[in-house]
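Participant: Have a look at the structure that comes next, please.
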Amino acid sequence: MMHSYLLASMPRHFPDADFEPPLVDGFGRRHSSLRLSVTDRCNIRCFYCMPVDVVFRPRQELLTFEEMERFVRAVVPLGVTKIRLTGGEPLVRHELHKLVAMLLAIEGLEDVALTTNGMLLAQQASDLKQAGLQRINVSLDTLRDEVFRQITRREGLQRVVEGIDAAQLAGFERIRLNAVSIRGLTEAEIVPLARFARERNLELRFIEFMPLDADRHWSPDQLLSGADVRRVLEAQFGQLVPAPRPDPSQPAVDFRFADGRGGIGLINPVSEPFCGDCNRLRLTAEGQLRNCLFSTVEWDARRLLRSGANDAELRRLVRSCVAAKAAAHGIGQPDFHRPERPMYQIGG
Ligand code: SAM
Ligand code: SF4
């Protein structure tokens, strides 16, 4: 018979019952980031995302805050440490700051960030700050009213700028602007946006237009690539200096201005796909799990959440989703198929 003191000092060759292996897909990519869409609704109608005559999902189809929290609590032990709240427009979801606080109470979750169009930010910035939100990205493609109207099919540029001001006043230090680049439409916006960002100490990122518009009008000749944007910036501000890449999974290639004032990120999903380093999963507002923006398959987490499934079952679903992830989105390849869902129904 083996003495108990001997047993206690022996190395453990059996797995810990609580140990959860990380979420690694078939290409060795470890998944640690979840984009959580909290609604498909929005208060504007960007043409590259929504149709004009959009029909939103009935409220009861959307996950409740409690369901979202339950899902996140189940996946944090798998190594998911970062959440980005998105939509639709996340700030149209009533009392979003309460969700932020619920998520930040989950042990092991390191970072909760928000992507917003900024229209409701002035009213909500201080509640979000108090709830512990760490970072905000504000989408802003132009500083001209007529172009804003053309893109969003609504008024509201001034409200967005006021939202950015309010977020800075509320104490958010890392506010980033996201601008979609579209050939024939936004070339003249590049330099004014860069000046605006430099004056206010904001990071600015340009994102290539992707084939996720509800109207399905995207075509390759609308591509204003990151390289094109870089040329415009360098003609005005001098050579951009490549910046270190602290997180290899970040979608943007970062630069600093030569005079040291401000930074620029270029997100080039179409001209230079970064799928090889992707660490992201997405949960739609009605609880469908996706392993890619361009995924054509989904895993139904809501069904599990609403049928009394336990955490182990939820985690199995997440593992199946990760295991099935394709190597790359395949835009431009002959066998590329757009997903059924446009951007606002996924969560960008
Ligand atoms: N409503 C919020 C907003 O606009 O920031 C969050 C959701 S929105 C879908 C997230 C981001 O996706 C925004 O920065 C938006 O500009 C970007 N986006 C939407 N449709 C896009 C497309 N077809 N190509 C590239 N970016 C797109
Ligand atoms: Fe709304 Fe954001 Fe889509 Fe624009 S990009 S319509 S703000 S969800």
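Participant: Please identify, among ASP259, ASP215, ASP335, the residue showing maximal mean-square fluctuation in a Gaussian network model of the chain using a 10 angstrom Cα cutoff.
Facilitator: ASP335
Participant: Full extension from GLU272 to ARG57: what is 0.36 nm times the residue separation minus their Cα-Cα distance, to one decimal in nm?
Facilitator: On the way: separation 215, 0.36 × 215 = 77.40 nm, distance 3.39 nm.
Value of the extension gain: 74.0 nm.
Participant: Now for a different question. Counting other Cβ atoms within 10 Å, which trypsin sites (Lys or Arg not before Pro) in region 121-186 have at most 14 and lie in a DSSP loop?
Facilitator: Values: sites: LYS129, ARG135, ARG144, ARG149, ARG153, ARG154, ARG159, ARG174, ARG176, ARG183; in loops: ARG144, ARG153, ARG154, ARG174, ARG183.
The qualifying sites are ARG144, ARG153, ARG174.
Participant: Take the alpha carbon gyration tensor of region 32-77, find the square roots of its eigenvalues, order them as a ≥ b ≥ c, and report rounded if a/c is under 1.5; if not, report prolate when a/b exceeds b/c, else oblate.
Facilitator: Judged from the Cα gyration tensor, region 32-77 comes out oblate (a/c at least 1.5, b/c at or above a/b).
Participant: Same structure, new question: FRET efficiency for ASP111 and ARG30, Cβ-Cβ distance as r, R0 = 22 Å, nearest 0.05?
Facilitator: Computed FRET efficiency for ASP111 and ARG30 comes out at 0.85.
Participant: Now for a different question. Between GLU187 and ARG316, what FRET efficiency comes out of the Förster formula 1/(1 + (r/R0)^6) with R0 = 45 Å and r the beta carbon distance, rounded to 0.05? Please list the in-between numbers first.
Facilitator: Details: r = 48 Å, r/R0 = 1.07.
The formula returns an efficiency of 0.40 here.
Participant: While we're looking at this one, here's another question. Of the candidates PRO251, PRO21, PRO90, which one comes out as most mobile in a Gaussian network treatment of the chain with C-alpha springs shorter than 10 Å?
Facilitator: Per the Cα network of the chain with a 10 Å cutoff, PRO21 tops the list.
Participant: If you wrap a convex hull around the Cα atoms of region 142-281, how much volume per residue is inside, in Å³?
Facilitator: About 136 Å³ per residue, rounded to a whole number.
Participant: Once both labels are modelled 7 Å past Cα along the beta-carbon direction, what's the ASP145-ASP247 spacing in nm?
Facilitator: Result: 3.7 nm between the two label points.
Participant: To continue, here is another question. So, with +1 on the Cβ of K and R and -1 on the Cβ of D and E, and no other charges, what is the size of the charge dipole of region 20-346 about its Cα centre, to the nearest 20 debye?
Facilitator: Values: 45 positive and 43 negative charges, 69 e Å.
Around 340 debye, computed over region 20-346.
Participant: With just the Cα atoms defining each centre, how far is region 243-264 from region 50-89? Give it in Å.
Facilitator: Spelled out, the Cα-based centre of one part sits 29 Å from the other.
Participant: Turning to a different aspect of this structure: Would the chain count as rounded, prolate or oblate if I go by the C-alpha gyration tensor, calling it rounded below 1.5 in a/c and otherwise prolate when a/b exceeds b/c, oblate otherwise?
Facilitator: Note, shape of the chain comes out prolate.
Participant: Still on this model: Where does the longest stretch of the chain lie that holds no GluC sites (Glu not before Pro) found in a DSSP loop with 10 or fewer other Cβ atoms within 10 Å?
Facilitator: Values: sites that count: GLU107, GLU173, GLU340.
After excluding every exposed loop site, the longest remaining stretch is 174-339.
Participant: Quick one: which residues, 5+ away or cross-chain, put their amide H under 5 Å from the amide H of ASP111? H built at 1.01 Å from N.
Facilitator: Correct list: ILE83.
Participant: If you don't mind, there's one more thing I want to ask. When the helices in the chain are scored as -39500 (n - 2.57) per DSSP H run of 4 or longer and the sum is shared across all residues, what 222 nm value do you end up with, to the nearest 500 deg cm²/dmol?
Facilitator: For the chain, the value works out to -8500 deg cm²/dmol.
Participant: For region 230-314, what does the alpha-carbon gyration tensor say about shape, rounded, prolate or oblate, given a ≥ b ≥ c as the root eigenvalues, a/c under 1.5 as rounded, and a/b over b/c as prolate?
Facilitator: Prolate shape, in that a/c is at least 1.5 and a/b is the bigger ratio.
Participant: Follow-up. Pop out the carbon and sulfur fraction of the accessible area of the chain as a percent, whole number, probe 1.4 Å.
Facilitator: Working: 8450 of 16270 Å².
Carbon and sulfur together cover 52 percent of it.
Participant: Excluding residues on the same chain fewer than 8 positions from LYS325, give the lysines whose Cα lies under 27 Å from its Cα.
Facilitator: Filter leaves LYS82.
Participant: Could you report the chain's accessible area per residue, 1.4 Å probe, as an integer in Å²?
Facilitator: Values: 16270 Å² over 348 residues.
With the other protein chains kept in place, the chain gives 47 Å² per residue.
The values are calculated or read from the model by the stated rules, or taken from the named source; none is laboratory data. The structure displayed is predicted, hence computed values, not measured ones. Note: ideal-geometry Cβ built from the backbone for every residue, glycine included; neighbour counts use all protein chains shown. Surface areas here come from the heavy atoms of the whole protein model, side chains and all, with no ligands, DNA or RNA. Shrake-Rupley method; radii C 1.70, N 1.55, O 1.52, S 1.80 Å.
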